[in-house]
Amino acid sequence: MTRDLARLSLRTVTCLAALAIVAGCGGSKTTTTTTDTTATASGSAAVTDNSASAPPSGATGGASQPDAVSGAAPGTMPVRPDVTPAHIEVQHILIGFAGSVPGKGITRSQEEARALAHEILAKARGGENFDQLVSQHTDDSPPGIYRMSNTGVSAAEGEFPRERMVPAFGNVGFNLSPGNIDIAEYDPSASPYGYHVIKRLR
């Protein structure tokens with residue numbers, strides 16, 4: 001059985017090499033890069049580069065175009081930082097529903113709030129101006145910018161300790177790289193005021 005596997009592996013390698021030669025003669029090259037935003041054992045995102053010569057991140061030639069699959073502008077999809085940040089600055093859009101935000105006369109249902117939050121998330125990732133989205137939609141006070149220190153890190157002037165914010169706010173914010181946008185779903189204990197569309201500024 002071991003010999004059969006060895007022959008099969010050799011045949012597979014030979015076929016792949018032949019395909020690579022044929023593909024190289026076609027005159028065009030397909031480059032794909034896949035990012036797995038799930039945590040690895042070390043807690044950072046795994047990036048698989050399927051090209052020997054992927055263009056640098058600052059390269060032009062479509063870099064400002066939305067992703068063909070998600071419609072997201074470059075840099076807006078969540079990517080876990082290589083190192084967990086000690087301090088972050090985020091901007092958010094709070095979308096509440098009837099009874100979720102004290103002192104606000106919000107009449108939308110929870111289902112309507114969820115749909116609106118995801119619509120705003122798609123617009124933000126699609127490249128719409130985040131400041132304008134905040135002004136148009138937030139149930140918090142614009143501009144909705146907060147600075148936070150991570151757990152166990154002394155807060156600098158003007159920062160909130162992570163523990164003083166609703167848990168989902170920090171859970172999302174500290175797992176984004178600058179420019180990334182994600183959502184904290186409503187949860188009665190982790191995100192009791194509604195849905196937070198969060199962009200990490202720095």
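The values are calculated or read from the model by the stated rules, or taken from the named source; none is laboratory data. These numbers come from a predicted model, not from an experiment. Accessible surface is based on the protein model in full, side chains and every heavy atom, while ligands, DNA and RNA are left aside. Shrake-Rupley method; radii C 1.70, N 1.55, O 1.52, S 1.80 Å.
First compute the accessible area of the range 71-202 with a 1.4 Å probe, then give the percent of it belonging to carbon and sulfur atoms. Don't jump to the answer; show the numbers that get you there.
Details: 3150 of 6370 Å².
That fraction is 49 percent.
A probe of 1.4 angstrom, applied to the heavy atoms of all protein chains, finds residue 200 with accessible area near 20 square angstrom. Measuring nothing but alpha carbons in the range 156-200 and taking Rh as the Kirkwood radius, the Rg to Rh ratio lands at 0.97.
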